[in-house]
Amino acid sequence: MSADRPAAWWSHVKRTATSWLDDDGPSLGPFPCANCQSATGQDRWALAAKKRFPGLLVMFARLGEQTGQLPQMLDRAAKQLNGEVQRRAMALATMLEPLLIVLMGGMVILIVLAVLLPSIQLNTWVK
């Protein structure tokens, strides 16, 4: 522990971190830290205010700034978000694969019909 931070502060950070990392996912509600809220209780964090960044990134940035380990927490958030993007991409590719197979089968059928229909029509004219 750091000498300039009281033990109560560190226990508050630990409780806050464990409440963010519970099974229900990160809590994006008002942050209990007094220096992170305005007088009206609204969140003053620029990352959380615009809703352009994932909640996980906001949570890791807050926790990193509170514990003094911002680079490590941002690396951890990057790894988590990278894994999530890869999972979503694989899910999308898995869903699109059968559709592409059906479309390619349709194209093959069209090509075969384009080749065979003229010869079938010639046979009908000859009779």
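Below is a table of values for the structure above.
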| read-out | value |
| --- | --- |
| Gained length - Arg88 relative to Glu65, 0.36 nm times residue gap less alpha-carbon distance | 5.4 nm |
| Residue-normalised accessible area of region 43-127, given per residue in Å² at a 1.4 Å probe | 80 |
| Listed residues Arg52, Arg76 arranged by accessible area, highest first, probe 1.4 Å | Arg52, Arg76 |
| Net length gained if the chain between Ile120 and Leu100 were fully extended (0.36 nm per residue, minus Cα distance) | 4.2 nm |
| Length added when fully stretched, Phe53-Lys79, from 0.36 nm per residue minus Cα-Cα | 7.9 nm |
| Ranked by how many other beta carbons lie within 10 Å on average, peptides 67-75, 91-99 from highest | 67-75, 91-99 |
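The values are calculated or read from the model by the stated rules, or taken from the named source; none is laboratory data. Only a predicted model underlies this, so the values are computations on that prediction, with no experimental measurement involved. In this analysis, Cβ positions are derived from the backbone assuming ideal geometry, glycine residues included, and neighbour counts consider all displayed protein chains. Ligands, DNA and RNA are stripped out before the accessible areas are found, and what is left, the full protein with its side chains, is counted by its heavy atoms. Shrake-Rupley method; radii C 1.70, N 1.55, O 1.52, S 1.80 Å.
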